[in-house]
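Note sheet for the following structure.
The values are calculated or read from the model by the stated rules, or taken from the named source; none is laboratory data. In this text, all values refer to a predicted model and were calculated from it rather than measured experimentally. Heads up, the Cβs are rebuilt from the backbone with ideal geometry, glycines too, and the neighbour counts pull from every protein chain shown.
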Amino acid sequence: MREIVLDTETTGFEPSEGDRVVEIGAVELFNHLPTGRTYHQYINPKRNMPEAAFNVHGLSEEFLSDKPVFKDIAQEFIDFIKDSKLVIHNASFDMKFLNAELGWVNRPALPMNQAI
């Protein structure tokens, strides 16, 4: 059984207010054991980094300025996770952001039942 343990970092709490994903990290598990395959990407949000968000993850506008935007990494991310179950600590938060980002680049949303 393949699972992906996943986490994101963002510029804030609400994609509907312009907050964006700035980092995705994922680890592949097979039968609950790490396989060694990982996915990690910093993402340029093309917006300012609020101080409160910076204090959580330490990612500055300057650091992210030369990183790809989400539309440029969307397919690689989807190819990594496929239809595997996503193990996410705060699934409703991360799925809300990932689906907002996917929607903004005209890609299908991830089904909420994919996350556990």
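The table below lists the values:
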| item | result |
| --- | --- |
| Those residues of the range 26-50 which are of a type outside the set (A, V, I, L, M) and more than 15 Å from residue 64 (Cβ to Cβ), in sequence order | 28, 30, 31, 32, 34, 35, 36, 37, 38, 39 |
| Answer from 30, 97, 80, 93 - the residue that is at pLDDT 95 or above, crowded, with 17+ Cβ neighbours inside 10 Å and over 10 Å from the mean Cα position of the chain (by Cα) | 80 |
| Residues that are in contact (Cβ under 8 Å) with a residue 12 or more places away in the chain and either part of a loop (DSSP other than H, G, I, E, B) or closer than 16 Å to residue 26 by Cβ (or both), drawn from the range 103-116 | 105, 107, 110, 114, 115, 116 |
| Candidate set from the range 43-58 (those that are surrounded by 17 or more Cβ atoms within 10 Å (Cβ to Cβ) and in contact with a helix residue (DSSP H, G or I) (Cβ under 8 Å, 6 or more places away or on another chain)); member that is nearest to residue 80 (Cα to Cα) | 43 |
| Residue list for the range 22-55, filter: within 18 Å of residue 100 (Cα to Cα), of a type in the set (S, T, N, Q) and either part of a strand (DSSP E or B) or touching a His at 6+ places or on another chain (Cβ under 7 Å) (or both) | 41 |
| Which numbered condition residue 100 misses (of (1) in contact (Cβ under 8 Å) with a residue 12 or more places away in the chain; (2) under 15 Å from residue 40 (Cα atoms); (3) part of a helix (DSSP H, G or I)) | (2) |
| Meets criteria (part of a strand (DSSP E or B) and either over 14 Å from residue 19 (Cα atoms) or not polar (S, T, N, Q) (or both)) for residue 75 | no |
| Some residue of the range 72-84 being in contact with a Lys or Arg (Cβ under 6 Å, 6 or more places away or on another chain), without any contact (Cβ under 8 Å) to a residue 40 or more places away in the chain and not aromatic (Phe, Trp, Tyr) | yes |
| Residues that are among the polar types (S, T, N, Q) and on the phi < 0 side of the Ramachandran plot, drawn from the range 1-43 | 8, 10, 11, 16, 35, 38, 41 |
| Residue 19 vs. criteria part of a loop (DSSP other than H, G, I, E, B) and touching a Ser or Thr at 6+ places or on another chain (Cβ under 6 Å) | yes |
